[in-house]
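Right, one structure below, let's go through it.
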Amino acid sequence: MGSATSSMAAKLAFFPPDPPSYGIYVEASSGRMRMSNIVHQREDVDVLKLSTKRGNEIVAMYVKNTSASLTLLYSHGNAADLGQMYHIFTELSHHLGVNLMGYDYSGYGQSSGKASEQDTYADIEAAYRCLEETYGLKEEDIILYGQSVGSGPTLELATRLPMLRAVVLHSPILSGLRVMYPVKRTFWFDIYKNIDKIPQVNCPILVIHGTEDEVVDVSHGKQLWELCKEKYEPLWLTGGNHCNLELFPEYLRHLRKFITAVEKLPPLQIESEESREQSENSLIATDQKSRASTEQREKSRPSTGQREKSRLSTDNREKSRTSIDKREKSRRSMDRSGKPRNSTDQSERARNSFDRLGDMVRSVGLCNVDCLKQTALEA
């Protein structure tokens, strides 16, 4: 039963467009890689092929914005590939003032291999590594954005990036099995166990969901938001379904507000265990040297009276040191127990959510990529 259910969940999770909406070629004049079937090729878009640790080669696109300080790493939804997302990604980069990297999962578009949960984890790792190694970005410069099925690889990576700037989840799932059945606990054969991972993410998380989502019920988004450590005001779009949230007027407005608010946040300052141990060892060594010096001075005092005075003085110093040690321990305790990042001002709490692009999930035939054609044309 478990194996059959897991297989069902996997089949519901992955619907790569067939045939792919684009091809790949090398432009003779520039030597740059390009995507075919794109109406307006742009010079600010890099098309790349990235190798994953599971042996696949995935296609990614990087949209450059010269005024950007942050970069969105976007994991798209089901039944979509980069050819269909190309113009939406470039418009998002322009209107939000961010760099944006999108990528196709293994088996999607012109990426090799076949989609699976573990392959999507390797895919997002390859895209993240490219941002670091090719574009010189740091962890704190990046916002992870997961759309529907894309919430799975997004949260998996977010749990391993303690300095990440922020996460956006659009129409996210609690887990693959929970999309089909209202189970109350996590089973070993389930996929994308977001419900268990989201409490491990330390950075701010924004959740957006449509109240009339017919593929992933809005209760998924609401429960995930409740489990966030660093909550931001969610966006529950009344009447929104699984693939039309980008059509709502609040969409771009909330995106801009969220990005602006996140830009003002200082990067997370997290003290590592190693640096903390080094600091403590240094304090212990200093204390031992001081005590040895005091003992040496006591031995060299000839007069009993002088020794008595010295002992009194030493006792006072010991009391003072004890008091300082107590204050130091108290301070370290407060540093460790305190949150690495203070919540932003109350005035900035209303950093409403950040809408994602309509999820093109065709999952179980309930939504087709045609639902975004009008949006792309308007863009």
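The values are calculated or read from the model by the stated rules, or taken from the named source; none is laboratory data. Values in this document were obtained by computation on a predicted structure and should not be read as measured data. Please note: Cβ atoms are built from the backbone with ideal geometry, for glycine as well, and neighbour counts cover all protein chains shown.
Quick one: in the range 76-104, which of the residues that are assigned to a loop (DSSP other than H, G, I, E, B) and on the phi < 0 side of the Ramachandran plot is surrounded by the fewest Cβ atoms within 10 Å (Cβ to Cβ)?
Filtering first and then ranking leaves Val98.
Any chance you could count how many residues in the range 238-286 are at pLDDT below 80 and of a type in the set (D, E, K, R)?
Residues that pass the stated criteria total 6.
Tell me which residues, restricted to the range 21-70, are within 23 Å of Tyr128 (Cβ to Cβ), exposed (fewer than 12 other Cβ atoms within 10 Å of the Cβ) and either acidic (Asp, Glu) or in contact with a Gly (Cβ under 6 Å, 6 or more places away or on another chain) (or both).
Ser67
Could you check Tyr135 against (1) surrounded by fewer than 24 Cβ atoms within 10 Å (Cβ to Cβ); (2) in a helix (DSSP H, G or I) and say which number it fails?
(2)
Go through Leu73, Leu12 for me and flag whichever is surrounded by 14 or more Cβ atoms within 10 Å (Cβ to Cβ), modelled with pLDDT of 95 or more, under 26 Å from His242 (Cβ atoms) and not hydroxyl-bearing (Ser, Thr, Tyr).
Of Leu73, Leu12, the one residue that is surrounded by 14 or more Cβ atoms within 10 Å (Cβ to Cβ), modelled with pLDDT of 95 or more, under 26 Å from His242 (Cβ atoms) and not hydroxyl-bearing (Ser, Thr, Tyr) is Leu73.
Any residue in the range 197-213 that is among the small types (Gly, Ala, Ser), farther than 21 Å from Ser51 by Cβ and crowded, with 23+ Cβ neighbours inside 10 Å?
yes
Answer yes or no as to whether Lys229 is closer than 17 Å to Leu144 by Cβ and basic (Lys, Arg).
yes
If you check Gly107 against the conditions, is it small (Gly, Ala, Ser) and either crowded, with 17+ Cβ neighbours inside 10 Å or not in a loop (DSSP other than H, G, I, E, B) (or both)?
For Gly107, the condition - small (Gly, Ala, Ser) and either crowded, with 17+ Cβ neighbours inside 10 Å or not in a loop (DSSP other than H, G, I, E, B) (or both) - is met.
Which residues, counting only those in the range 147-169, are part of a helix (DSSP H, G or I) and among the hydroxyl-bearing types (Ser, Thr, Tyr)?
Ser148, Ser151, Thr154
Report yes if Ser112 is modelled with pLDDT of 95 or more, within 25 Å of Pro20 (Cβ to Cβ), outside any helix (DSSP H, G or I) and among the small types (Gly, Ala, Ser), otherwise no.
Taking the combined requirement at face value, the residue satisfies it.
Checking the conditions here, which among Leu237, Leu245 is in contact with a Lys or Arg (Cβ under 7 Å, 6 or more places away or on another chain) and more than 15 Å from Ala166 (Cβ to Cβ)?
Leu245 is the lone residue from the list that is in contact with a Lys or Arg (Cβ under 7 Å, 6 or more places away or on another chain) and more than 15 Å from Ala166 (Cβ to Cβ).
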